[in-house]
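Undergrad: Below are the structure tokens for one structure; questions will follow.
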Amino acid sequence: MNINATLIGQTIAFFMFVWFCMKFVWPPLMAAMEERKSKIAEGLAAGERGKKEHELAEQRAKEVLQEARAEASDIINLANVRAGEMVEEAKSKAVEEALKVKKGAEAEIEQEIASAREALRQQVSVLAVSAAEKIIKSEIDASKHQAIIDDISGKLGAV
Amino acid sequence: MAGENLTSSEYIKHHLTNLTYGQHPDGSWGIAHGETAAETAQAAKEMGFWAVNLDTLGVSVLLGVFFLWLFRKAAVAASAEVPTGWQNFVEMVLEFVDGSVKESFNGRNPVIAPLSLTIFVWIVLMNTMDLVPVDYIPHLGQLIGIPYLKVVPTTDPNLTFSLALAVFFLTIYYSIKVKGPGGFFAELAFHPFPKYMMPFNLILELIALVSKPISLALRLFGNMYAGEMIFILIALLPLGIQWTLSLPWAIFHILVVILQAFIFMTLTIVYLSMAHEENH
């Protein structure tokens, strides 16, 4: 238990251990730990950033959706208005057409009436003449009373 | 136990005797060896200063190499990926030491942290030899012809003093490096009293300076020596009841092992921190 040269040997050994530790043990371990630390910090920051970006994107999506919805309702409104207009237009066109058709038909009817009346008058006058002929045949000579028949027929024509 | 024919005091002394190599008084070189442990110790003493305790030196260097090998392995494998197993443990130790250094050391010095790590782990390993049952290794040594083997290096004052002296030299080296020789002298001479009390200040400060390594060395030595002594005394008890004392003591000693290493490391950091500070 006496102090001897072990002291010197130990001191040398100790300094060698410290030197080795300082050169080959501490720096690589510390470097790795620092690197990991910064890596983790980066990862956390990236995560945070991602979260924020996600939030932003969500908000953006919401905005876009809202815009789209508004646009869609605008379009629907416009379409409704246009449809109404189209119906109105079609209606008025139809009415016009109907009026035209009606007018044509009326004109035709008029013409029909006129020709029917002409035919009727002709037939009535022929009938009247034949009736008169029958009456008069027994009493009068047709050639004698031509002037009277013409007069009557002229009067009939005026009806 | 080492031998049935040994008396108790011989047994204890045997355990506390180093394996010393040096020059015998007759001029030949060899291992100090006597009939009894006391004679061996006497022979070792007669070798004077130029002798070495082979057991202390051998065990401590082996443990130091073991420490560096273990930590170097982790350092080689170190990466920024997820650490596993052994590397995790090494990093935990490093983090702990680094935390202690950052807590009490304010300057910037790349030596302090590795120094503290070496001190801490090395002392823990050497102290842990205390937990190996006291007879195992000496008995093994005897079987292969080594007469004396003191397996706990920290129970040898040579080792604790060598560590403390190394720290002491570093303290002085950094004091002079940081403050300059004049600054260092001023720190010793002009405190705590005014300049006209310089001789008194010098005596006071020198005592304070020298007491640091001595207390550092003796604290570690005393604790481990006493612990080892108690283990040896327990080993003298009858076999059946040894464990009732040795188990609690061993469990308590785990605390002492780590605590002493931690104290040594912390004080080293504090002393070196003081060496780096400009004024008291």
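Undergrad: Add +1 for every Lys or Arg and -1 for every Asp or Glu among the other residues with Cβ under 15 Å from the Cβ of B:Ala75, and state the total.
TA: -2
Undergrad: Take chain A, connect every pair of alpha-carbon atoms lying under 10 Å apart with a spring to form a Gaussian network, then pick out the residue of A:Ala13, A:Ala98, A:Ala46 with the largest mean-square fluctuation.
TA: Highest fluctuation among the options: A:Ala13.
Undergrad: Could you work out how far the C-alpha centroid of the stretch B:90-138 sits from that of the stretch A:1-76, in angstrom?
TA: Value for the Cα centre distance between the two parts: 26 Å.
Undergrad: Counting only the heavy atoms of the protein chains, how much of B:Phe221 is accessible to a 1.4 Å probe, in Å² to the nearest 10?
TA: Rounded to the nearest 10, that gives 30 Å².
Undergrad: Give the carbon-plus-sulfur fraction of the accessible surface of the stretch A:1-156 in %, rounded to a whole number; probe 1.4 Å, heavy atoms of protein chains only.
TA: Details: 7670 of 12150 Å².
The nonpolar share, carbon plus sulfur, comes to 63 percent.
Undergrad: With Kirkwood's inverse mean 1/r over C-alpha pairs for Rh, give me the Rg to Rh ratio of chain B, two decimals please.
TA: Working: Rg = 22.0 Å, Rh = 21.3 Å.
Rounded to two decimals, Rg over Rh is 1.04.
Undergrad: Which whole-Hz couplings ³J(HN,Hα) result when phi for each residue of the stretch B:172-181 is put into the Karplus expression 6.51 cos²θ - 1.76 cosθ + 1.60, θ = phi - 60°, listed in order with x for Gly and Pro?
TA: Per residue, the Karplus-derived 3J(HN,Hα) values read 5, 4, 6, 4, 6, 5, 7, 9, x, x Hz.
Undergrad: Sticking with this one: Would you list B:Tyr174, B:Tyr225 from the most to the least accessible area, probe 1.4 Å? All intermediate terms of the calculation are to be shown ahead of the outcome.
TA: Details: B:Tyr174 20, B:Tyr225 45 Å².
Result of the area sort, largest leading: B:Tyr225, B:Tyr174.
Undergrad: Rounded to the nearest 100 Å², what is the sum over both chains of accessible area buried where B meets A, with a probe of 1.4 Å?
TA: 3800
Undergrad: Looking at A:Ile75, A:Ala94, B:Pro181, which one has the Cα that reaches farthest to the positive end of the dipole of the protein assembly as shown (charges on Cβ: Lys, Arg +1; Asp, Glu -1)?
TA: Of A:Ile75, A:Ala94, B:Pro181, it is B:Pro181.
Undergrad: For peptide B:47-59, compute the average count of partner chain beta-carbon atoms within 10 Å of each residue's beta-carbon. Intermediate values should be presented prior to the final figure.
TA: Values: counts 3, 3, 7, 3, 4, 7, 8, 2, 1, 4, 5, 0, 0.
The per-residue average across the peptide is 4.
Undergrad: List the pair-distance distribution P(r) of the stretch B:1-133, using every Cα-Cα distance, as the percent of pairs falling in each 5 Å bin from 0 up to the bin containing the longest distance, rounded to whole percents.
TA: Cα pair-distance distribution for the stretch B:1-133, in percent: 2, 9, 13, 13, 13, 12, 9, 8, 9, 7, 3, 1, 0.
Undergrad: If I ignore ligands, DNA and RNA and count only protein heavy atoms, how much of B:Glu187 is accessible to a 1.4 Å probe, in Å² to the nearest 10?
TA: Per-residue accessible area (B:Glu187): approximately 30 Å².
Undergrad: Would you calculate, for the protein assembly as shown, the mean residue ellipticity at 222 nm contributed by helices, counting each DSSP H stretch of 4 or more residues as -39,500 (n - 2.57) and dividing by all residues, to the nearest 500?
TA: Dividing the helical sum by the residues of the protein assembly as shown leaves -27500 deg cm²/dmol.
Undergrad: Write down the Å³ per residue value for the convex hull defined by the alpha carbon atoms of the stretch A:1-146. Working shown, then result.
TA: Working: hull volume 27.8 nm³, N = 146.
Cα convex hull per residue, to the nearest whole number: 191 Å³.
The values are calculated or read from the model by the stated rules, or taken from the named source; none is laboratory data. What you are looking at is a predicted structure, and each value in this text was computed from that prediction instead of being measured. Every residue, glycine among them, receives a Cβ derived from its backbone with ideal geometry; neighbour counts consider all protein chains shown. In case anyone asks, the SASA skips ligands and DNA or RNA and just uses the protein heavy atoms, side chains included. Shrake-Rupley method; radii C 1.70, N 1.55, O 1.52, S 1.80 Å.
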